[in-house]
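Scroll down for the structure; my scribbles are underneath it.
The values are calculated or read from the model by the stated rules, or taken from the named source; none is laboratory data. What you see is a predicted model, and the numbers here were worked out from it, not measured in a lab. Positions of Cβ are backbone-derived with ideal geometry, glycine not excepted, and every protein chain shown enters the neighbour counts. These area figures cover heavy atoms from the full protein model, side chains too; ligands, DNA and RNA do not enter into them. Shrake-Rupley method; radii C 1.70, N 1.55, O 1.52, S 1.80 Å.
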Amino acid sequence: NGPNLNLLGLREPAVYGRETLADLEAACRSEGEKLGLAVDCRQSNHEGALIDWIHEARETTAAILINAGAYSHTSQAIPDALRAYPGIIVELHLSNIYARETFRHHSHISATATAVICGLGSAGYRLALRAVAERLAAAKSN
Ligand code: DQA
């Protein structure tokens, strides 16, 4: 999770809901447990920190679920880092970015992602984890 998502629950609740980042992370960890996936949740307001974590994930993870917040619409460096990531990438947005201001309609991350989920709130994160688990299981059985 990228910038401003630490303020979930407090920030524009009409758009992003009342759930906090801690609630969202707990829901992801619990879904991960059900699916047999170890989930490492991180949030930063800093583009470079997100990029360093993407690089680290090259060696340590099978998938990245990323909600880069407003960096989705502005950053070229995050998509460049994602292009160097060999695993599954799911781009997430809590809100439906296409139903909002025009500047949110384009995400530079989408073209680097395996899949994009937006508009489903925290349920999108849980669905993304399920899809990752299915893909990993399918890859194992091939
Ligand atoms: C967001 C949508 C972005 O446009 C916005 O800047 C965010 C959150 C979402 O989760 O809906 O910070 O990524």
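Observations on the model:
- Test result for Tyr71, aromatic (Phe, Trp, Tyr), at pLDDT 95 or above and either more than 21 Å from Ala131 (Cβ to Cβ) or within 14 Å of the chain's Cα centre (by Cα) (or both): yes
- Residue identified as touching a helix residue (DSSP H, G or I) at 6+ places or on another chain (Cβ under 8 Å) and closer than 22 Å to Gly36 by Cβ among Ile54, Ile97, Ile78, Ile89: Ile89
- Within the range 1-18, tally of residues that are open to solvent by 70 Å² or more (accessible area, probe 1.4 Å), more than 20 Å from Ser75 (Cβ to Cβ) and not basic (Lys, Arg): 3
- Where a residue in the range 1-17 is part of a helix (DSSP H, G or I) and its partner, wherever it lies, is near the ligand (Cβ under 8 Å from one of its atoms), with Cβ under 7 Å and at least six apart: Leu5/Asn67; Leu5/Gly69; Val15/Ser95; Tyr16/Leu94; Tyr16/Ser95
- The condition of being farther than 16 Å from Arg130 by Cα, open to solvent by less than 70 Å² (accessible area, probe 1.4 Å) and modelled with pLDDT of 95 or more holds for only one of Arg104, Arg83, that being Arg104.
- Looking across the range 89-112, the residues that are in a helix (DSSP H, G or I), out of contact with any Cys (no Cβ under 8 Å at 6 or more places or on another chain) and within 10 Å of the ligand (Cβ to nearest atom) come down to Phe103, Arg104.
- Where a residue in the range 19-43 is closer than 13 Å to Leu129 by Cβ and its partner, wherever it lies, is open to solvent by 50 Å² or more (accessible area, probe 1.4 Å) and among the small types (Gly, Ala, Ser), with Cβ under 7 Å and at least six apart: Gly32/Ala38
- For the range 113-138, filtering for residues that are within 12 Å of the ligand (Cβ to nearest atom), among the β-branched types (Val, Ile, Thr) and surrounded by fewer than 19 Cβ atoms within 10 Å (Cβ to Cβ) leaves 1.
- Qualifying residue in the range 47-68 (condition: assigned to a loop (DSSP other than H, G, I, E, B), surrounded by fewer than 13 Cβ atoms within 10 Å (Cβ to Cβ) and within 15 Å of the ligand (Cβ to nearest atom)): no
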